[in-house]
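The values are calculated or read from the model by the stated rules, or taken from the named source; none is laboratory data. Quick caveat: nothing in here was measured; it's all calculated off a predicted structure. Positions of Cβ are backbone-derived with ideal geometry, glycine not excepted, and every protein chain shown enters the neighbour counts.
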Amino acid sequence: MAELACAGRTIREINAEIRRLLKEGEAVTVSSPGARHNLGVALLESGVVVFDGSVGYYCAGLIDGARVRIKGSAGWGLAESMLSGEVIVEGNAGNSAGAAIRGGALVVQGDSGARTGVSMKNGLIIVTGSCGYMSGFMGQGGKMIICGDAAEAFGDSMYETICFIGGAIADLGNDAIVAESTDEDKQFLDTSLSYYLPAALRGNLPGAGDFKKVVSGRKLWNFKKSEWKTWEQAL
Amino acid sequence: MSESSSPPRVLQKSGIFSSGVIEDIQTKAESGIYRIRGYGTLRERRWATFDDLTFLPCALTRIPLEGYREKCSTKTVLGSRFAEKPIELDIPIMITGMSWGALSYNAKVALAKGASEIGSSNTTGDGGMMAAERESSKTLIYEVLPSRYGINVRHMQMSDGIELTIGQGAKPGTGGLLLETKVSDAISKQRELPVGVDQRSPARHPDMLGPDDMIIKIEELREATGWQVPIFVKLGASRVYDDVKLAAKAGADVVVVDGMEGGTGASPAIFQDHTGIPTLAAVCEARVALEDMGLYGKVQLIIAGGIRDGVDAAKAMALGADAIYIGTAALIALNCNRPLYVDDYHKLGTEPHFCHHCHTGQCPVGVTTQDPELMKRLPIDEAAERITNLLRAMTLEIQMLARSCGKSDVHHLEPEDMAALTPEASAICKVPLAGTRRVWGS
């Protein structure tokens with residue numbers, strides 16, 4: 001695995017070198033990332049990149065195909081607008097983790113901040129801990145698995161994102177409802193958690209049958225006077 | 001008293017509860033929701049506009065260029081601050097972002113073709129990039145909007161500029177609307193939304209809030225595009241002076257300011273009529289903001305919002321704009337509000353020249369619709385030619401005015417080339433009121 005030290009390099013130089021190494025088929029370990037912003041942006045090759053420490057805003061943003069591991073925590077907008085690939089954080093993630101992703105998988109092995117999965121269009125987000133305020137807001141598709149608790153306004157104004165929550169929900173968002181989980185849902189949870197999480201982490205998590213399923217009530221999809229009680233919060 | 005001697009009947013209309021207000025109240029009493037429509041503000045009470053300025057062509061103090069033949073450059077360069085490949089256009093008039101969804105496929109492709117033919121640019125809009133739009137555009141600007149519909153880094157890398165849209169003039173501070181009749185199968189697929197929803201876009205970007213975040217966001221966009229193309233920041237005109245300074249400080253190559261006369265495919269009517277500041281005021285504030293930062297001429301300024309012709313454009317450029325976006329004017333060139341298919345205007349309860357029903361998706365002339373039959377009324381090549389012609393005519397108008405003011409480059413127009421016709425315009429634009437040597441309010 002190729003090694004790339006961040007010290008003495010600009011973000012532009014670091015990202016250019018990561019892309020060059022990926023193109024040559026090398027896996028890359030990036031040392032001393034120092035929580036700098038915009039590390040690993042727009043990686044369009046399918047190789048592996050490991051950040052050996054915490055990263056700042058927009059790490060692995062706009063990627064298509066890369067597999068990124070962060071041995072630390074991440075700032076805002078982690079993996080935002082990802083088309084495909086895999087991003088694993090061995091710590092916490094800041095606000096807007098997985099914002100607007102259209103594919104791929106984001107795994108936070110800790111807690112995530114406000115607006116986790118906001119405007120996600122597709123793909124998968126797994127958070128082993130809890131998520132912050134307004135997570136899932138305006139989710140259009142894909143699935144989000146929160147193993148811990150959800151803060152207020154969970155799943156607000158969603159279209160077709162499906163959320164699974166293992167802990168307590170402080171407050172459901174506008175038009176979010178708890179739906180009955182199916183056997184297929186439980187199978188999906190089992191498969192996803194087994195695939196993306198190491199056994200040591202899985203032991204402390206709820207079982208597939210313990211997750212609640214939260215989806216859109218579809219009352220906000222089109223304006224109807226009869227649904228005013230829902231709309232008065234949402235308009 | 002006999003009937004014949006009665007005084008003539010005089011109908012008195014309330015100045016408060018006018019016909020329009022009565023209709024508005026009664027419509028809301030039926031629907032239970034705010035009014036939604038397209039087009040732009042319908043306010044009749046006027047504010048200071050470009051019509052309140054006039055050019056002062058040369059006489060003895062300055063020498064004009066030959067009006068019809070002497071060289072007057074229109075070449076426009078945008079994004080020379082940080083981008084390695086600034087945008088170079090043959091003319092200073094550009095097509096603003098209007099989405100595939102708000103507009104028909106044919107309209108989008110016609111705009112791209114028509115603009116490219118004359119060396120101008122086109123912009124994607126909410127919903128991402130169409131393949132045909134890229135193929136038909138010589139210069140294409142990719143909008144990154146709060147909704148992030150269709151966001152695709154590979155499309156960004158195929159573009160000639162990135163526009164980070166914070167807001168737009170018709171509805172600053174709120175997101176766009178696309179009502180169910182326009183969320184067709186194709187649009188649903190493009191935006192990854194259920195077919196037939198009343199789509200309401202978010203007002204805020206999902207992964208940034210204030211200007212400090214935007215500094216990092218702009219760097220991310222540069223990383224995504226290899227620092228090659230300019231980054232625009234587009235603002236709805238509200239607190240223009242401060243917002244322009246913040247955008248420039250955040251690292252924008254180009255700032256776009258969209259005044260309250262800006263159009264839209266659909267938004268709450270109250271936003272179109274009662275939010276934001278006029279384009280005339282916006283360009284003046286934006287210029288001062290850049291001057292105060294020492295960035296005027298280094299960060300380019302694009303002005304949008306109700307620009308109708310080369311005269312408006314020339315006045316905006318004289319006040320400080322480097323380039324001009326047009327939207328509604330381009331749609332009108334595509335036949336918007338033209339008296340064709342008049343029965344279909346009637347079905348919408350309107351008439352040619354009065355139509356603002358873009359939100360319905362039933363555009364009689366095929367511009368703002370997703371209905372395949374209506375769209376056929378807008379043949380792409382004919383429509384593209386009208387766009388080219390409009391852009392050419394507007395450019396010639398700017399050149400004529402510039403030459404008459406003695407300028408060999410349209411970008412040399414300056415406030416001193418104009419006088420104000422009203423005290424308000426004088427105060428806003430800091431140009432003397434005609435007939436005086438006085439700038440009002442100074």
Some residue of the stretch A:178-196 being surrounded by 23 or more Cβ atoms within 10 Å (Cβ to Cβ) and within 14 Å of another protein chain (Cβ to nearest Cβ): no
Residue B:206, sole failed condition from (1) within 14 Å of another protein chain (Cβ to nearest Cβ); (2) in contact (Cβ under 8 Å) with a residue 12 or more places away in the chain; (3) not in a loop (DSSP other than H, G, I, E, B): (3)
Test: residue B:191 is surrounded by 20 or more Cβ atoms within 10 Å (Cβ to Cβ) and touching a residue at least 24 places away in the same chain (Cβ under 8 Å): yes
The stretch A:120-161, residues that are within 22 Å of residue A:195 (Cβ to Cβ), charged (D, E, K, R) and facing chain B (nearest Cβ under 9 Å): A:121
Residue list for the stretch B:147-159, filter: surrounded by fewer than 24 Cβ atoms within 10 Å (Cβ to Cβ) and within 21 Å of the chain's Cα centre (by Cα): B:159
Selected residue (only one of B:49, B:41 is surrounded by 10 or more Cβ atoms within 10 Å (Cβ to Cβ), more than 30 Å from residue B:295 (Cα to Cα) and at pLDDT 90 or above): B:41
Residues located in the stretch A:64-104, provided they are of a type in the set (Lys, Arg) and away from every other protein chain (no Cβ under 11 Å): A:67, A:69, A:71
Conditions (1) without any contact (Cβ under 8 Å) to a residue 40 or more places away in the chain; (2) in contact with a His (Cβ under 6 Å, 6 or more places away or on another chain): number failed by residue B:266: (1)
Whichever residue in the stretch B:219-229 is within 10 Å of chain A (Cβ to nearest Cβ) and touching a residue at least 40 places away in the same chain (Cβ under 8 Å) and, among such residues, is nearest to residue B:80 (Cα to Cα): B:227
Residue within the stretch B:333-347 that is basic (Lys, Arg), touching a residue at least 60 places away in the same chain (Cβ under 8 Å), surrounded by fewer than 24 Cβ atoms within 10 Å (Cβ to Cβ) and over 27 Å from residue B:427 (Cβ atoms) present: no
Subset tally (residues that are of a type in the set (A, V, I, L, M, F, W, C), assigned to a loop (DSSP other than H, G, I, E, B) and within 13 Å of chain A (Cβ to nearest Cβ)) for the stretch B:169-197: 5
Hits in the stretch B:168-182 - residues which are surrounded by fewer than 24 Cβ atoms within 10 Å (Cβ to Cβ) and either among the aromatic types (Phe, Trp, Tyr) or touching a residue at least 60 places away in the same chain (Cβ under 8 Å) (or both): B:172, B:173, B:174, B:177, B:179, B:181
Those strands (runs of 3 or more DSSP E) lying entirely in the stretch A:113-198 with at least 2 residues more than 17 Å from the chain's Cα centre (by Cα): A:176-179
Which listed residue is modelled with pLDDT of 95 or more, among the small types (Gly, Ala, Ser), crowded, with 23+ Cβ neighbours inside 10 Å and in contact with a Gly (Cβ under 9 Å, 6 or more places away or on another chain), from B:237, B:252: B:237
Residue in the stretch B:145-160 that is more than 22 Å from residue A:115 (Cβ to Cβ) and more than 14 Å from every other protein chain (Cβ to nearest Cβ) present: yes
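Residue-wise test of (1) within 29 Å of residue B:335 (Cβ to Cβ); (2) within 14 Å of chain A (Cβ to nearest Cβ); (3) in contact with a Pro (Cβ under 8 Å, 6 or more places away or on another chain); (4) in a loop (DSSP other than H, G, I, E, B).
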position: B:9; (1), (2), (3), (4): no, no, no, yes
position: B:16; (1), (2), (3), (4): no, no, no, yes
position: B:21; (1), (2), (3), (4): no, no, no, no
position: B:24; (1), (2), (3), (4): yes, no, no, no
position: B:29; (1), (2), (3), (4): no, yes, no, no
position: B:80; (1), (2), (3), (4): no, no, yes, yes
position: B:108; (1), (2), (3), (4): yes, no, no, no
